[in-house]
Amino acid sequence: MATPISGVNRWLTINQKPLRFHPEDENEGLAIREFSTNYIRLTNEAPAQVTIVIDGEELQTARYGIWQWKPGGYAGLYRIEVLSPGLPTKTALVRVFPHKLTQHHYEQMQDELSKLALDLLYSLDSPAIERTTLAQKRYEPSPLQEYYIIQQIVKRMCQVIADIRRDPHYTLHTQQIRLQLHEITYFSHDIHPVPGEHIVFPQSPYPILPSYWSGEQSYHTYDTYENRLLKHFLLKQLSPRLDHIQESAQKELLRVESRYKYYHNPEDKRKKQKLQQAIAECQRMKLQCVHWASEPFLRTVSSFTGINKATQMLLKHPLYNRFYQLYLKFQTHLKKTYSTDKYVTEISLRKVSELYEMWSIFTATRILVDELKQAGYHMISNATFYEVETDYFEFDVRKNTPAIIMTDGTYTVQFIYEPVYPNKAVVHHRSALAVDAPNVPNKGHRTPDFAVEVYQNDIPHSVLIFDAKYRYEKQGRGQFAPKSEDLERMSHYKDVIIYRKYTGGTGTKAYKDYDIVTSACILYPGNHLYIGRKYIGALPFFVGMSPQRIQAVRQALHDLLALADLIQ
């Protein structure tokens, strides 16, 4: 017999507050933070022999009935399972909040990570007009960005369809038909006898005439290239895109409602209203597209095949040209799908440190790209994310391969996430970036979080190393500085990562080693910007930084690029 939910809710308490077992309840009211010590206790109503499992691991205790739980470095959802012999497993979700960030900053960091990812992808993949449109609406949720664009397209399509309906494009075709003799009103050169049956007229000058004749008949058809493209646009592009926007808006609405339930932010209330309107409007517009595709002049139009081509009718006909302009606008702004939901959600449900590290690295990437662009560099490749199918990008960062490549004609700059630099002992008969660190674990290879590699004529010129760390040391009142061991690690990277040049021949004399790392810095959530000797440093990155602090970090990155000879 199943235990009622209300009974389960009286089994356990966390910090003297009841733990709720409901699939949609994340127990945010418990206000649990990462690194905090929490006590789980059985109540008198709990069954016997209870075992508690958190995220697949059994929680141990020296005293049955009281468990100590300390979530370390993991802000997100925890799954708590309660097992007891003879009873089905009961599951509760518990939201753990970040320690070094407020919940507002944590959620803001997730939003900014999505926007940074989109910015990086759009910077190469889209024309300037698309980037401008994105920048104008960058503070709206992504589903709303697309909703506003497609809403305008559908609104203008209403008048376009109404005008085309009055005078749809058609062409004349001819077809061979079979006529009986009595159906022929007059004979012309297009009328030909069909061999076979005949009719006898004894008193006629033509005593024998064929019973059936073939002739040509003209008719008009709406099955033209332009109408096929119109129907394809309505059913195969507009409708699926509306489906995607509606689904994205529904997911966003669930997240906003969850926040609003506990914080009652006016901003979330406004977002809720906008998203609800967008969802309803998307449903109405989908039905409208199906209705348009059923217009009499489109009903019998065959499926669109082949590639898009700009016919004279699409370019010059006043009605069809208006449709074609909307079609082109859709291809420019909405044809491709960019999904950050899965990527950002997966990170946020793991450690908050991983979310912070990726956010800070993306923020640094965005600044570095901007600085290089201002100095005359341009992108020639952007493979930061995976394209899982044509025109659909699922955000999952490529590692140990050039994610972004920029050049000014003299230098080529490669941005690489989690590059792997091997021990120089395994580099044979070739030149390569390597590690000069014998007698160390991990076979001597090194993997910083982020590297900017600079090449001149395909030869390594310099390397900038960055590591993101979600930690700091408190020094004095309100001062948060980098940890000494993190700076030591940066110094180690600068010392051991080298350029090993193969000069030919065999043995140790076949190679020459060169220092290649010009700077090595950590990115951390403190407030002290530090660049020390050998350009070992720490750059503070945290959500909600003042414009002055952002400018200071930007200037520091500018100076590091100048140190690597990339800019003046």
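The values are calculated or read from the model by the stated rules, or taken from the named source; none is laboratory data. Quick caveat: nothing in here was measured; it's all calculated off a predicted structure. Every residue, glycine among them, receives a Cβ derived from its backbone with ideal geometry; neighbour counts consider all protein chains shown.
Within the bounds of region 26-35, is there any residue that is in the same structural domain as L93 (by TED's automatic domain parsing), in a loop (DSSP other than H, G, I, E, B) and surrounded by fewer than 13 Cβ atoms within 10 Å (Cβ to Cβ)?
Among the residues of region 26-35, not one is in the same structural domain as L93 (by TED's automatic domain parsing), in a loop (DSSP other than H, G, I, E, B) and surrounded by fewer than 13 Cβ atoms within 10 Å (Cβ to Cβ), which makes the answer no.
Of everything in region 312-332, what is under 32 Å from the mean Cα position of the chain (by Cα), hydroxyl-bearing (S, T, Y) and surrounded by 18 or more Cβ atoms within 10 Å (Cβ to Cβ)? Give them in sequence order.
To start, the set of residues in region 312-332 that are under 32 Å from the mean Cα position of the chain (by Cα) comprises 322-332.
Next, from what is left, pick out any that are hydroxyl-bearing (S, T, Y): 324, 327, 332.
Listed by number, the residues that qualify are Y324, Y327.
Regarding region 556-567, can at least one residue be identified that is assigned to a strand (DSSP E or B) and in contact with a helix residue (DSSP H, G or I) (Cβ under 6 Å, 6 or more places away or on another chain)?
Scanning region 556-567, I find no residue that is assigned to a strand (DSSP E or B) and in contact with a helix residue (DSSP H, G or I) (Cβ under 6 Å, 6 or more places away or on another chain), so the answer is no.
May I ask you to list the residues in region 257-301 that are assigned to a helix (DSSP H, G or I), among the small types (G, A, S) and without any contact (Cβ under 8 Å) to a residue 60 or more places away in the chain?
Initial filter on region 257-301 (assigned to a helix (DSSP H, G or I)): 257-263, 266-293, 296-299.
Going one step further and asking which of them are among the small types (G, A, S), we end up with 258, 278, 280, 293.
Within region 257-301, just A280 meets the criteria.
Any residue in region 220-249 that is more than 24 Å from H317 (Cα to Cα) and in the same structural domain as L315 (by TED's automatic domain parsing) sitting within a Cβ distance under 7 Å of a residue that is of a type in the set (S, T, N, Q) and not in a helix (DSSP H, G or I)? List the pairs, counting only those 6 or more apart or interchain.
H244/T337
Of the residues P460, P448, P419, which is part of a loop (DSSP other than H, G, I, E, B), in contact with a Phe, Trp or Tyr (Cβ under 7 Å, 6 or more places away or on another chain), surrounded by 15 or more Cβ atoms within 10 Å (Cβ to Cβ) and modelled with pLDDT of 90 or more?
P448
With buried (at least 19 other Cβ atoms within 10 Å of the Cβ) and under 19 Å from F415 (Cβ atoms) as the only criterion, which of L560, L487 stands out?
Answer to the selection: L560.
Restricting attention to region 238-251, report how many residues are under 13 Å from A293 (Cα atoms) and either small (G, A, S) or surrounded by fewer than 18 Cβ atoms within 10 Å (Cβ to Cβ) (or both).
Looking only at that region, the number is 1.
Are there any pairs with C-beta distances below 9 angstrom linking a residue in region 359-379 that is assigned by TED's automatic domain parsing to the domain that holds F541 to a residue that is at pLDDT 95 or above and basic (K, R), with the two at least 6 apart or on different chains, and if so which?
Taking only residues 6 or more apart or on different chains, the pairs are I367/R554; D370/R554; E371/R554.
Where residues in region 82-106 are part of a strand (DSSP E or B) and aliphatic (A, V, I, L, M), which of them is modelled with the lowest pLDDT?
Across region 82-106, the extreme among qualifying residues is V96.
Give the residue, chosen from V553, V543, that is of a type in the set (A, V, I, L, M) and in a loop (DSSP other than H, G, I, E, B).
Unique residue meeting the criteria: V543.
What single numbered condition from (1) over 28 Å from R33 (Cα atoms); (2) at pLDDT 90 or above; (3) of a type in the set (G, A, S); (4) crowded, with 20+ Cβ neighbours inside 10 Å fails to hold for A364?
(1)
When the residues of region 475-523 are filtered to those that are among the small types (G, A, S) and in contact with a strand residue (DSSP E or B) (Cβ under 7 Å, 6 or more places away or on another chain), which remaining residue is modelled with the lowest pLDDT?
Let us first name the residues in region 475-523 that are among the small types (G, A, S), namely 476, 478, 481, 484, 491, 504-505, 507, 510, 519-520.
Add one more test, that the residue is in contact with a strand residue (DSSP E or B) (Cβ under 7 Å, 6 or more places away or on another chain), and what stays is 481, 491, 510, 519-520.
Details: A481: 90, S491: 95, A510: 87, S519: 96, A520: 97.
Per the criteria, the residue is A510.
Scan region 524-552 residue by residue and report those that are under 16 Å from D467 (Cβ atoms), modelled with pLDDT under 95 and within 31 Å of the chain's Cα centre (by Cα).
Y524, P525, G526, P540, F541 - these are the residues of region 524-552 that are under 16 Å from D467 (Cβ atoms), modelled with pLDDT under 95 and within 31 Å of the chain's Cα centre (by Cα).
Please verify whether K309 is more than 30 Å from I191 (Cβ to Cβ) and surrounded by 11 or more Cβ atoms within 10 Å (Cβ to Cβ), treating the condition exactly as stated.
No.
Yes/no per residue for (1) assigned by TED's automatic domain parsing to the domain that holds I405; (2) of a type in the set (V, I, T); (3) on the phi < 0 side of the Ramachandran plot; (4) free of Cβ contacts under 8 Å to residues at least 24 places away in the same chain:
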position: V463; (1), (2), (3), (4): yes, yes, yes, no
position: E488; (1), (2), (3), (4): yes, no, yes, yes
position: P525; (1), (2), (3), (4): yes, no, yes, no
position: H528; (1), (2), (3), (4): yes, no, yes, no
position: I536; (1), (2), (3), (4): yes, yes, yes, no
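What do you reckon, is R471 surrounded by fewer than 18 Cβ atoms within 10 Å (Cβ to Cβ) and assigned to a loop (DSSP other than H, G, I, E, B)?
For R471, the condition - surrounded by fewer than 18 Cβ atoms within 10 Å (Cβ to Cβ) and assigned to a loop (DSSP other than H, G, I, E, B) - is met.
So if I check each of P127, P195, P141, which one is of a type outside the set (S, T, N, Q) and at pLDDT 60 or above?
P195
I need every pair where a residue in region 189-200 that is over 10 Å from L179 (Cα atoms) has its Cβ under 9 Å from the Cβ of a residue that is outside any loop (DSSP other than H, G, I, E, B) and charged (D, E, K, R), sequence separation at least 6 or different chains.
If the second residue must be outside any loop (DSSP other than H, G, I, E, B) and charged (D, E, K, R), the pairs left are D190/E216.
Just one of (1) closer than 30 Å to T508 by Cβ; (2) at pLDDT 90 or above; (3) surrounded by 13 or more Cβ atoms within 10 Å (Cβ to Cβ); (4) out of contact with any strand residue (DSSP E or B) (no Cβ under 6 Å at 6 or more places or on another chain) trips up A375, so point out which.
Tallying (1) closer than 30 Å to T508 by Cβ; (2) at pLDDT 90 or above; (3) surrounded by 13 or more Cβ atoms within 10 Å (Cβ to Cβ); (4) out of contact with any strand residue (DSSP E or B) (no Cβ under 6 Å at 6 or more places or on another chain), A375 fails exactly one: (1).
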